[in-house]
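The values are calculated or read from the model by the stated rules, or taken from the named source; none is laboratory data. Computed from a predicted model, the values in this text were never measured in an experiment. As a convention, Cβ positions derive from the backbone with ideal geometry for all residues, glycine included, and neighbour counts pool all protein chains shown.
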C-alpha cells in the first residue's frame with residue numbers, strides 16, 4: 001500500500017493534465033479514444049455523454065459525502081476493492097492492472113476512497129490513452145498518457161510511504 005505524504009499531498013492538488021469544464025469534454029475525447037475515469041461525477045458525466053471507458057473507478061461518494069444516485073453502468077464487469085483515504089491499496093493497483101489487460105470494460109468500486117486512483121491508472125494505462133478525473137470545485141482534468149507523465153507518477157509513488 002502507498003500512503004500519501006504531506007509533500008505529495010501538495011503536489012497532487014495540482015492538475016496532472018489539462019483542467020476543463022464538463023461541457024468541454026467532447027472537445028478532448030473521441031469515441032475511439034481509450035479512456036479511463038476516476039471519480040463518481042466524472043465517470044457519470046463521461047458515461048452519460050455516450051463515451052465508453054475501459055476502466056472507471058468510483059467510490060459512491062462526492063467530496064467524501066455519500067452519493068444518493070449510484071452509477072449504473074450496463075455492460076461493465078464490476079470489481080470491488082478496499083482502499084482507505086490517503087492511500088492507494090495494493091488491491092486497487094492490481095485491479096487496475098488486471099482491468100487494463102482484460103477484454104472487458106471494468107467498473108472498479110472502491111470501498112473507502114478512490115481519490116488517488118488516478119495514480120495506478122496513469123501507471124498502467126498505455127501511452128496515447130486518456131484519463132479523466134475530477135478536480136473538486138474546479139472541473140475535470142484530462143490526462144494524456146505518455147512516458148513523461150508515467151515517469152512523473154512513478155517518481156511520486158517512490159516518494160510515498162510504502163507499507
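Here are some notes:
- Taking the listed residues 81, 143, the one that is crowded, with 16+ Cβ neighbours inside 10 Å, without any contact (Cβ under 8 Å) to a residue 40 or more places away in the chain, assigned to a strand (DSSP E or B) and touching a helix residue (DSSP H, G or I) at 6+ places or on another chain (Cβ under 7 Å) is 81, with no other qualifying.
- Meets criteria (exposed (fewer than 15 other Cβ atoms within 10 Å of the Cβ), touching a residue at least 24 places away in the same chain (Cβ under 8 Å) and either within 16 Å of the chain's Cα centre (by Cα) or within 25 Å of residue 14 (Cα to Cα) (or both)) for residue 130: no
- Within the range 23-50, the residues that satisfy the criterion of being over 21 Å from residue 62 (Cα atoms), assigned to a loop (DSSP other than H, G, I, E, B) and touching a strand residue (DSSP E or B) at 6+ places or on another chain (Cβ under 9 Å) are 29, 33, 34.
- Every residue from the range 1-22 that is in contact with a strand residue (DSSP E or B) (Cβ under 8 Å, 6 or more places away or on another chain), farther than 20 Å from residue 126 by Cα and not in a loop (DSSP other than H, G, I, E, B): 2, 3, 19, 20, 22
- Residue that is surrounded by the most Cβ atoms within 10 Å (Cβ to Cβ) [pool: residues in the range 54-78 that are assigned to a strand (DSSP E or B), more than 14 Å from the chain's Cα centre (by Cα) and modelled with pLDDT of 85 or more]: 77
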